[in-house]
Structures are given as C-alpha cells and as structure tokens.
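The values are calculated or read from the model by the stated rules, or taken from the named source; none is laboratory data. The shown structure was predicted, so the numbers you read here are calculated from the model rather than taken from an experiment. With ideal geometry, Cβ positions are generated from the backbone for all residues, glycine too; neighbour counts draw on all protein chains shown.
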Amino acid sequence: MSTSDDFVAITGGPGAGKSTLVEELHRQGFPCIPEAGRCILQDQIVIGGRARHERDSLLFAEIMLSWDMRSHHDATRRAGTVFFDRGIPDVVGYLLLLGRPIPAHVTAAARTFRYHQRVFLAPPWPEIYTHDRERTQDLDEAVRTHDAMAEAYTRHGYQLINLPRTDPESRAAFILRRLSPQPES
C-alpha cells in the first residue's frame, strides 16, 4: 500500500509537457494517475456538458476536486511510487487563476490529501505549446496558470522543483534522481 510520501505530483501550466512526462514514467513501469481536467473535458465535450472552463468553471472545479480525491484514494491501493498528472492543489490554483475565493472544503481537501513534499513544476514552454480539443488557452493564460499552480502548492507547504526543458526520458530521470535518498556526507 502506498502512502502520501509515495504520491508524486507533477504540475504547471497547460502545454508544458506534463502529460508526455507522465506517459514516459508509465512506460517505465510506474503507476500513473491521469490529469482530471483533461479527462473531464473529454467527457463533457462528448455529452455536451457544461462542466467546462468556458461554460461553468466552478462546476468544472468541483468535479475536478471529486475526481482528484477519488484518484488519491485509488492510489493508496497501489504499491510504491505513484505519479500524478496534477493533484488536488491544482484545483486551488485553478480558482486562483479565475480570481475566485477558495472555499473552505477545497482548502480542507488540499490539506487532507497530501503528496510527496517535492512537487515537480513544468515551466511554460512556448516552443512545444499547442492547442487541441481540450487545451484552448493561449500561451499567456498558460503562463498565468503555471504561476497560479506554483502559488497553490507553495501555500500548502510543498517544495517546488522546476523541471528542465528537455526530452521526456531526461525529465523522468531528473525526477527519479531527486526522489532517491541521498547518501549522508
């Protein structure tokens, strides 16, 4: 059974290579949790639902929170390190991005459902940024999202580690080196 020390969150703005990195970690054999927001958007688009950034952002945030809490519970049944493509503090960051107050239950969730102390932050990366069916933000909003995520995780006591702008294999190796216990000197 995993504990929160085994749960590693990867965050940042959209289009910074997070999901590709998580896919690489999965390819290497690690259990991984997909990004709630993207999965929710895919479903909402198919059914014509309103839980989307541009239609009902607060409903979207509530569904992301529920999804992320369920994912956190599910991860406790896995052994070893589990990588998360975003985490519960990302909902706080999303609300900060919107300029909305953070409800007490969202703060309680971010305090209750914890991740490894080190959180990996993907910086904005204009050279790889693209739009797709779910990612409709422009680069400026992607940068503001990155900043909001950094603020959210910092508020909740996490140590942010900036990911290098490099290929997914090198990024995965970077993370694994920083998670390995360091020998005492």
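Here are the numbers for this structure:
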| read-out | value |
| --- | --- |
| Spans of helices (runs of 4 or more DSSP H) in segment 1-119 with at least 3 residues of a type in the set (D, E) | 57-75 |
| E35 touching a strand residue (DSSP E or B) at 6+ places or on another chain (Cβ under 8 Å), crowded, with 18+ Cβ neighbours inside 10 Å, within 20 Å of I88 (Cα to Cα) and among the acidic types (D, E) | yes |
| Matching residues, segment 62-85, being closer than 29 Å to P101 by Cα and within 13 Å of the chain's Cα centre (by Cα) | M64, L65, W67, D68, M69, S71, H72, F83, F84, D85 |
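Table: residues versus (1) at pLDDT 95 or above; (2) under 20 Å from S180 (Cα atoms); (3) out of contact with any Phe, Trp or Tyr (no Cβ under 7 Å at 6 or more places or on another chain).
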| site | (1), (2), (3) |
| --- | --- |
| T3 | no, yes, yes |
| A9 | yes, yes, no |
| V22 | yes, yes, no |
| H26 | yes, yes, yes |
| L41 | no, no, yes |
| H53 | no, no, no |
| S66 | yes, no, yes |
| R70 | yes, no, yes |
